[in-house]
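Please read the structure below before turning to the comments.
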Amino acid sequence: MKTALFYSPKYLEHETGKHPEKPQRLAAAMSGIKESGVLSWGKVVLAEPRYASIEELELIHKRIYIEFVKRVCEAGGGLIHNETPVSKESFNVASLAAGGTIEAVNKVFLGIFRNAFVLARPPGHHAEPDRSMGFCIFNNAALAAKHLIDRRGVKRVLILDIDAHHGNGTQKVFYDTDRVLYISIHEDPTEFPKTGFIWEVGLEEGKGYTVNIPLPYGAGDPLYWKAFKRIVLPIIGQYKPEFILVSAGFDGYYMDAVSELSLSAYIYPRIFQSIINIAEKISSGRIVVVLEGGYNLRFMRKIVATTLSIMAGVNVSVRDKRPPINPWVEGMAEKIIEEVRRIQSRFWSL
Ligand SMILES: [Zn+2]
């Protein structure tokens with residue numbers, strides 16, 4: 001079985017003007033993929049995304065919001081939220097991002113592909129049922145998870161969110177259910193999006209199925225990895241998801257202008273390799289990676305190809321500088337990790 005890369009040039013037609021979430025992000029990622037040769041190794045195939053229907057968007061989003069986005073686009077575009085501009089084609093492009101993600105989980109679920117990377121935009125994890133936020137229009141990962149639950153009868157889906165920002169939209173959708181375990185490691189959310197604090201752990205049936213790890217600005221690779229090893233991996237091992245979705249934002253990179261996690265290129269292969277290993281053991285290898293943020297074009301050129309290679313089972317080496325880490329920040333990150341462990345140990349053995 002092969003790894004699928006879901007991509008369409010149509011994804012470039014969501015025009016945002018002078019904005020970090022611009023079409024060049026995907027163009028850079030695609031040219032990096034072509035340059036790497038990963039498409040010629042016979043292990044990765046290009047797959048065609050399809051549009052999500054209105055009924056599919058309604059798996060999560062309110063009809064009134066869907067129609068609002070459609071109307072603004074039909075009128076030529078504008079702002080649907082203070083940081084989300086749309087153009088004439090944006091509704092269609094966002095539907096193609098959502099539909100591409102649903103199609104990817106479907107085909108991996110059916111065993112047609114080994115796993116899949118959805119190289120789509122706009123991103124999704126800040127989008128809530130009735131509003132856009134943070135460059136996101138429809139919540140691609142959440143829609144795909146809901147599709148697996150409602151239409152495929154999957155009982156346990158993991159959404160692992162490694163974007164530098166908390167996925168407020170995804171958390172909101174699944175806050176009161178145990179059918180989706182939402183784990184997010186992100187930078188201090190006090191400024192944005194103002195959710196994703198340690199004490200947000202879910203409600204009712206969902207208690208313990210939301211795990212937030214808010215690291216301080218400048219946390220860096222070692223503490224990020226520590227949080228991963230001491231919290232994320234043990235909880236996944238106990239939850240035993242049948243399917244894994246990764247909300248893959250690459251904006252934690254130290255050269256990315258929109259966040260401050262100070263991660264280097266070395267951390268990402270490590271994370272993807274460990275998540276693929278755990279998927280092989282407990283989720284029949286079923287894993288779909290969906291692009292979220294990532295705004296440094298040079299890094300996008302490298303890291304998407306690297307991730308795709310790892311998903312196809314090919315070892316790749318990365319080279320990067322290691323940004324300096326302030327020991328005081330490391331100390332603060334250690335304390336936060338211990339605090340998350342203390343709170344989550346009410347639900348998991350840590
Ligand atoms: Zn982000």
_Hits in the stretch 153-170 - residues which are under 13 Å from GLY124 (Cα atoms) and assigned to a strand (DSSP E or B)_ = ILE159, ASP161
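Residues in the stretch 311-334: is at least one closer than 25 Å to PHE138 by Cβ and either touching a helix residue (DSSP H, G or I) at 6+ places or on another chain (Cβ under 7 Å) or within 16 Å of the ligand (Cβ to nearest atom) (or both)?
Going through the stretch 311-334, the residues closer than 25 Å to PHE138 by Cβ turn out to be 311.
Then keep just the ones that are either touching a helix residue (DSSP H, G or I) at 6+ places or on another chain (Cβ under 7 Å) or within 16 Å of the ligand (Cβ to nearest atom) (or both); that gives 311.
Yes: one or more hits.
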*Name the residues in the stretch 256-300 that are within 16 Å of the ligand (Cβ to nearest atom), in contact with a strand residue (DSSP E or B) (Cβ under 6 Å, 6 or more places away or on another chain), under 27 Å from PHE109 (Cβ atoms) and part of a loop (DSSP other than H, G, I, E, B), would you?*
GLU292
*Inspect all residues belonging to the stretch 179-188 and state whether any of them is touching a residue at least 12 places away in the same chain (Cβ under 8 Å), within 16 Å of the ligand (Cβ to nearest atom), among the acidic types (Asp, Glu) and surrounded by fewer than 24 Cβ atoms within 10 Å (Cβ to Cβ).*
yes
*Give the residues of the stretch 262-306 that are surrounded by fewer than 22 Cβ atoms within 10 Å (Cβ to Cβ) and at positive phi, sorted by residue number.*
SER284, GLY285
*Go over the candidates ALA94, ALA120 one by one and state the one that is surrounded by 19 or more Cβ atoms within 10 Å (Cβ to Cβ), part of a loop (DSSP other than H, G, I, E, B) and touching a residue at least 12 places away in the same chain (Cβ under 8 Å).*
ALA120
*Scan the stretch 83-124 residue by residue and report those that are within 16 Å of the ligand (Cβ to nearest atom), out of contact with any Ser or Thr (no Cβ under 8 Å at 6 or more places or on another chain) and more than 19 Å from LEU308 (Cα to Cα).*
GLU83
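For residues that are small (Gly, Ala, Ser) and within 19 Å of ILE112 (Cα to Cα), scanning just the stretch 272-306, find the one that is farthest from the chain's Cα centre (by Cα).
Narrowing the stretch 272-306 to residues small (Gly, Ala, Ser): 274, 279, 283-285, 293-294, 305.
From the residues that got through so far, the ones that are within 19 Å of ILE112 (Cα to Cα) too are 279, 283-285.
Numbers: ALA279: 16, SER283: 18, SER284: 20, GLY285: 18 Å.
Out of the qualifying residues, it is SER284.
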*Looking at the stretch 125-146, which of its residues are touching a helix residue (DSSP H, G or I) at 6+ places or on another chain (Cβ under 7 Å), part of a loop (DSSP other than H, G, I, E, B) and within 11 Å of the ligand (Cβ to nearest atom)?*
HIS125, HIS126
*May I ask you to verify whether ILE244 is of a type outside the set (Gly, Ala, Ser) and in contact with a His (Cβ under 8 Å, 6 or more places away or on another chain)?*
no
*Report yes if ILE198 is in contact (Cβ under 8 Å) with a residue 40 or more places away in the chain and surrounded by 24 or more Cβ atoms within 10 Å (Cβ to Cβ), otherwise no.*
no
_Take GLY237 and tell me if it is within 16 Å of the ligand (Cβ to nearest atom) and on the phi < 0 side of the Ramachandran plot._
no
*Given the structure, is GLY169 surrounded by fewer than 21 Cβ atoms within 10 Å (Cβ to Cβ) and either within 14 Å of the ligand (Cβ to nearest atom) or at positive phi (or both)?*
no
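Computed from the coordinates by the stated procedures, all read-outs in this text should not be read as laboratory data. For clarity, every value in this text was computed on a predicted model and none was experimentally measured. Because the Cβ atoms are built from the backbone with ideal geometry, glycine has one as well, and the counts that use them run over all protein chains shown.
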